[in-house]
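Student: Let me give you the structure first, and then I'll get to my questions.
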Amino acid sequence: MYEFIRGNIVELNPASIIIEAGGIGYFVKVSLNTYSKLNGKKEGLLLLHQVVRDDAHILFGFADKGERELFRNLISVNGVGAVTAIMMLSSLNQDELVSAVTTENVAVLKGVKGIGAKTAQRIIIDLKDKFGKLPETGQISLSTDNTIRNESLSALVMLGFVKRDAEKIVSKILQEQPETAVESVIKQALKRL
């Protein structure tokens, strides 16, 4: 799996980029948000997500970790493919998309081409718990908090704890100490479970 690519921007379009690294030109699909962040630059760094199918190997590129994490959460929903997820990230910015999910705003999600009522409801059901809100500011905590939460939950589930119980404890720990490292969250959760 490729993590990132850094190189010269040979061609940039609203839906794709050709980036040269090590003498090889890579065709990478991007969202409009990533396009706008790279527009006018001669060099760039893209965080990658690779999709391997029988007929193709496709690279999707993102200007920041938050957008890639959101993309990965979207494609984890049954019925949402990589192309649909990129379409969603092109139609809505990260905050709008996360806000639509957490407030259960089906109309905003249905406004994206290719998303119907059933898919919008499935996205909300599957992702609402993953997108927590910071109570003081109302801003969405997605990238760092969500990564720590996911890594902590994965470790606890692999250790044999029930996912639902682990989620409650990890959420409580992250509310009490938002800047806690993964190792600390796991240690504290082991004491409380």
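Student: On the principal axes of its Cα set, how long, how wide and how thick is the chain? Give whole Å, largest value first.
Tutor: In descending order, the Cα extents are 53, 39, 38 Å.
Student: Based on DSSP H runs of at least 4 residues, each adding -39500 (n - 2.57), what is the mean residue ellipticity at 222 nm of the chain after dividing by all its residues, to the nearest 500 deg cm²/dmol?
Tutor: Counting only the DSSP helices, I get -14500 deg cm²/dmol.
Student: Another one. If you plug each phi of region 35-41 into the Karplus form 6.51 cos²θ - 1.76 cosθ + 1.60 with θ = phi - 60°, what whole-Hz ³J(HN,Hα) values come out, in order, with x for Gly and Pro?
Tutor: The phi angles translate into 4, 5, 6, 9, 4, x, 8 Hz.
Student: A further question follows. Assign one of three labels to region 4-62, namely rounded, prolate or oblate, based on the Cα gyration tensor with a ≥ b ≥ c the square roots of its eigenvalues; rounded applies when a/c is under 1.5, prolate when it is not and a/b is larger than b/c, and oblate otherwise.
Tutor: oblate
Student: Let me ask something else about it. What number, in percent, do you get for the relative contact order of the chain if the mean sequence gap of Cα pairs under 8 Å and at least 6 apart is divided by its residue count? Numbers along the way, then the final one.
Tutor: Working: 271 pairs, mean separation 23.9, N = 193.
Result for the chain is 12 percent.
Student: Right, here's the next one. Which order do the peptides 102-109, 175-182 take when ranked by the mean count of other beta-carbon atoms within 10 Å per residue, highest first? If you can, show how the numbers build up before the last one.
Tutor: On the way: 102-109: 15.6, 175-182: 12.5.
Ranking the peptides 102-109, 175-182 by packing returns 102-109, 175-182.
Student: Peptides 34-40, 70-76: what's the order by average Cβ count within 10 Å, highest mean first? Can you show the working numbers first?
Tutor: Numbers: 34-40: 16.0, 70-76: 19.6.
The most tightly packed comes first, giving 70-76, 34-40.
Student: Taking a cut-off of 14 Å, what percent of all Cα-Cα pairs in region 142-192 are separated by more than that?
Tutor: Numbers: 497 of 1275 pairs.
Tail of P(r) above 14 Å: 39 percent of Cα pairs.
Student: Relative to the longest principal axis of the C-alpha atoms of the chain, give the angle of the C-alpha long axis of helix 182-192, reported between 0 and 90° and rounded to the nearest 10°.
Tutor: 20
Bear in mind that the values in this text are calculations on the coordinates, not laboratory data. Predicted, not measured: the structure shown is a model, and the values here were computed from it. All Cβ positions, glycine included, derive from the backbone under ideal geometry; neighbour counts span all protein chains shown.
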